[in-house]
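A short write-up of the structure that comes next.
The values are calculated or read from the model by the stated rules, or taken from the named source; none is laboratory data. Only a predicted model underlies this, so the values are computations on that prediction, with no experimental measurement involved. Note that each Cβ is placed from the backbone with ideal geometry, even for glycine, and that neighbours are counted across all protein chains shown. For accessibility, only protein heavy atoms count, side chains too; no ligands or nucleic acids. Shrake-Rupley method; radii C 1.70, N 1.55, O 1.52, S 1.80 Å.
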Amino acid sequence: MDLSGKHIVIGITGGIAAYKSASLVRLFVKAGAEVQVVMTPNAKEFITPVTLSTLSGKPVISEFFTANTGEWHSHVDLGLWADAFVVAPATASTIAKMANGVADNMLVTSYLSTRAQVFVAPAMDFDMMRHPSTVRNIATLISDGCRIIEPAEGELASHLIGKGRMEEPETIFKAVATFINQTEEINNNSPEDISRSSGELAGKHILVTAGPTRERLDPVRYISNYSTGKMGVAIADEAARRGAETVTLVLGPCEVSPSEDRVNVVDVESGREMLSACLDRFDECDVAIMCAAVADYTVETPSETKIKRENADIPEFRLVKNPDIAATLGKRKAQNQILVGFALETDHEFENATAKMKRKNLDMIVLNSLRDKGAGFATDTNKVTVFTADGDETAFDLKEKIAVAADIWDLIAAKYKCSKS
Ligand code: C5P
């Protein structure tokens, strides 16, 4: 991949994996990019600045000032110079500082000043990786727009086996180079809209359903479920951050709302209203993700007036099936549209999820099991396995829903390049 003329900041922090950063610098230089290495003070204990400045052809920056000359290194200039900002390895400490804006070194200060896409390749012991504070901080970085390059499983510096090994330099290089090339391509196509077109969903129209539905019994009572809407809202937010042209979130009644201004919320109450809002928008969308927990049944004839306890008869309601929105859209789906569903299961998870994908004509289904602690309804976390219609299966760890949303979009982008045509 040719990166001639591109400016890459490589931030190196104090972890054993810092030795791999030398290869990463080399890969970018070989591809024609200009590389500026920024090290945290601790990183210098793991790899020498001399190695990195020799490979990058530029003095390494670590302090705010050069000690003997008093020359000030402008973190603002560095942040603005970058076309991509890569932190590899990223320790738990640097991730925490980035997530909380603790700008006590040149690396985090430059991070706060950059407008470039930031890539973070965590590297740490697996207990640190799954500690709730790291999980939370990574979710914050994602919602701040960073891309996380997931660490691999393997033997760690602690000799423990697990997840936490920094991804190989070639994989990190590929993720960054692919992003730069895609952004370049997109910007060449629509130079008038650079801000919206940075990201792999540029030009795409996205439809997401989320939350529960309410099926009325009378003007003050309803049947519903425990869905909070958090997963779907996270998916819509992530689509907006990845530069989608439009994101429509058809949202059942819930407490949460998207944090990205560009998500267009269509509030609905019942399953039928949700279907109608989806049908109005489905034909124009490129990707539809059905995350809502639509009530399976609705009340055939809700009471027009409040049902009184004093009434002699106990009321009886006949339930009828609600429309299956995902299945309806599945029938209508065109060749170039991608339809993704969710399956929340308690047993026979694999069989139920894959059968559902087939029955509803989905391209992908995201399974979460109520048997997994921290997954499903009413939590900020989720643990999912994603199946595709052509037989792929990808299982993810328990993560914040924001991070799960990023994983889902990564898979959709990788699998379909967001367009099957
Ligand atoms: O059949 P089940 O409800 O388990 O299917 C779950 C998937 O189908 C989810 O993607 C959900 O949003 C969608 N669904 C729907 N309309 C329904 C029921 C489920 O869109 N009435």
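The heavy atoms of Trp72 present about 140 square angstrom of accessible area, all protein chains included, probe 1.4 Å.
Computed from backbone phi with θ = phi - 60° and the Karplus coefficients 6.51, -1.76 and 1.60, the 3J(HN,Hα) list for segment 283-300 is 4, 8, 8, 8, 10, 10, 10, 9, 10, 5, 9, 6, 4, 5, 10, 10, 8, 4 Hz; x is used for glycine and proline. Note that segment 272-280 has calculated 3J(HN,Hα) couplings of 5, 5, 5, 4, 5, 5, 6, 4, 4 Hz, one per residue in order, obtained from phi through the Karplus relation 6.51 cos²θ - 1.76 cosθ + 1.60 (θ = phi - 60°); glycine and proline are x. Accessible area per residue for the chain is 47 Å², calculated with a 1.4 Å probe on protein heavy atoms, without ligands, DNA or RNA. Compute the long axis of helix 169-189 from its Cα atoms, compare it with the longest principal axis of the Cα atoms of the chain, and write down the angle in degrees, 0 to 90, nearest 10. Tilt of helix 169-189: around 70 degrees.
Electrostatic tally near Gly391: other residues with Cβ closer than 14 Å to its Cβ, Lys and Arg +1, Asp and Glu -1, net -2.
Listed by chain and number, the lysines placed with their C-alpha closer than 19 angstrom to that of Lys204 are Lys333, Lys415, Lys417, Lys420; residues fewer than eight positions away on the same chain are left out. Mind pulling the angle between the C-alpha long axis of helix 401-416 and the longest principal axis of the chain? Nearest 10 degrees, somewhere in 0 to 90. Its long axis makes an angle of about 80 degrees. For segment 306-317, putting each phi into the Karplus relation 6.51 cos²θ - 1.76 cosθ + 1.60 with θ = phi - 60° gives couplings of 4, 6, 9, 5, 6, 4, 5, 8, 6, x, 10, 10 Hz, in residue order, rounded to whole numbers and with x for Gly and Pro.
Summing +1 for each Lys or Arg and -1 for each Asp or Glu among the other residues whose beta-carbon sits under 11 angstrom from that of Leu156 gives -2. Once C-alpha pairs closer than 8 Å and six or more residues apart are averaged by separation and normalised to the residue number of the chain, the relative contact order reads 11 percent. For segment 191-416, the carbon plus sulfur part of the accessible surface works out to 47%, probe radius 1.4 Å. Taking a ≥ b ≥ c as the square roots of the eigenvalues of the Cα gyration tensor, an a/c ratio of 1.5 or more together with a/b larger than b/c marks the chain as prolate. Between Arg147 and Val118, Phe119, Val120, the built amide H atoms are under 5 Å apart, and every one of these is 5 or more places off in sequence or on another chain. Checking every one of the trypsin sites (Lys or Arg not before Pro) in segment 287-366 against DSSP loop status and a limit of 13 other Cβ atoms within 10 Å picks out Lys306, Lys308, Arg309, Arg318.
For Leu217, the residues whose amide H sits under 5 Å from its own are Tyr222, Ile223, ignoring neighbours fewer than 5 places away on the same chain, with H placed 1.01 Å from N. Projecting the Cα atoms of Cys291, Ile12, Met124 onto the charge dipole of the chain, computed from C-beta unit charges around the Cα centre, puts Cys291 farthest toward the positive end. Per-residue ellipticity at 222 nm, computed for the chain from helices alone with -39500 (n - 2.57) per DSSP H run of at least four residues, works out to -10000 deg cm²/dmol. Rounded is the label for segment 7-181. Its Cα gyration tensor axes, ordered a ≥ b ≥ c, give a/c under 1.5. Placing +1 on the Cβ of every Lys and Arg and -1 on the Cβ of every Asp and Glu, with nothing else charged, gives the chain a dipole about its Cα centre of roughly 240 debye.
Sorting 281-293, 375-387 by average packing, meaning the other beta carbons within 10 Å per residue, from highest down gives 281-293, 375-387.
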